[in-house]
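K.L.:
Sharing a structure here in structure tokens format.
The values are calculated or read from the model by the stated rules, or taken from the named source; none is laboratory data. Quick caveat, the model's predicted, so the values are computed rather than measured. Side chains are part of the model used for accessible areas, which takes the heavy atoms of the whole protein and leaves out ligands, DNA and RNA. Shrake-Rupley method; radii C 1.70, N 1.55, O 1.52, S 1.80 Å.
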Amino acid sequence: MKRRIRRSAKKALLDIDDDAAFFAIVRAILDLEGNPRPRGYDRVEGRPEVYRIWVRRDWRVLYSIDSARGELVVEAVKRKGETTYRR
């Protein structure tokens, strides 16, 4: 499965100051390639095509899976908060 990261998600990832969090998120994104539905993944309410995984305690990776194209798209990388799931 190919992996694609949206420009906004890439920018958010590169803006992370905490090195440990950055590397944990990168590892989680790379692991999604081999297993796009890991233990603990969940659908995002109101956006049925978007899934979420938790990384550490306060980071979320939002992604979608395009089975027809064999592609995993990282939609967003966000710190948990009230605005995490808004478009």
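K.L.:
Whole-Hz ³J(HN,Hα) for each residue in the range 43-58, computed from phi via Karplus 6.51 cos²θ - 1.76 cosθ + 1.60 with θ = phi - 60°, x for glycine and proline: what do you get?
P.N.:
Each residue of the range 43-58 in turn: 7, 7, 4, x, 9, x, 8, 10, 10, 9, 10, 8, 10, 6, 8, 10 Hz.
K.L.:
Let me ask another. Give me the 1.4 Å probe accessible area per residue for the chain, excluding ligands and nucleic acids, in Å².
P.N.:
Per residue, the chain has 69 Å² of solvent-accessible surface.
K.L.:
Something else about it: Given all pairs of different Cα atoms, what value in angstroms does the Kirkwood hydrodynamic radius of the range 1-70 take?
P.N.:
12.8 Å
K.L.:
A follow-up question, please. In the range 6-63, carbon and sulfur make up what percent of the accessible area (probe 1.4 Å)?
P.N.:
The nonpolar share, carbon plus sulfur, comes to 48 percent.
K.L.:
Also: Can you run phi through the Karplus equation (6.51, -1.76, 1.60; θ = phi - 60°) for the range 12-29 and list ³J(HN,Hα) in whole Hz, with x for Gly and Pro?
P.N.:
4, 5, 6, 7, 6, 7, 7, 4, 4, 5, 4, 5, 5, 5, 4, 4, 5, 5
K.L.:
Can you tell me what share of the DSSP beta bridges in the chain is antiparallel? A percent to the nearest 5 is fine.
P.N.:
80 percent
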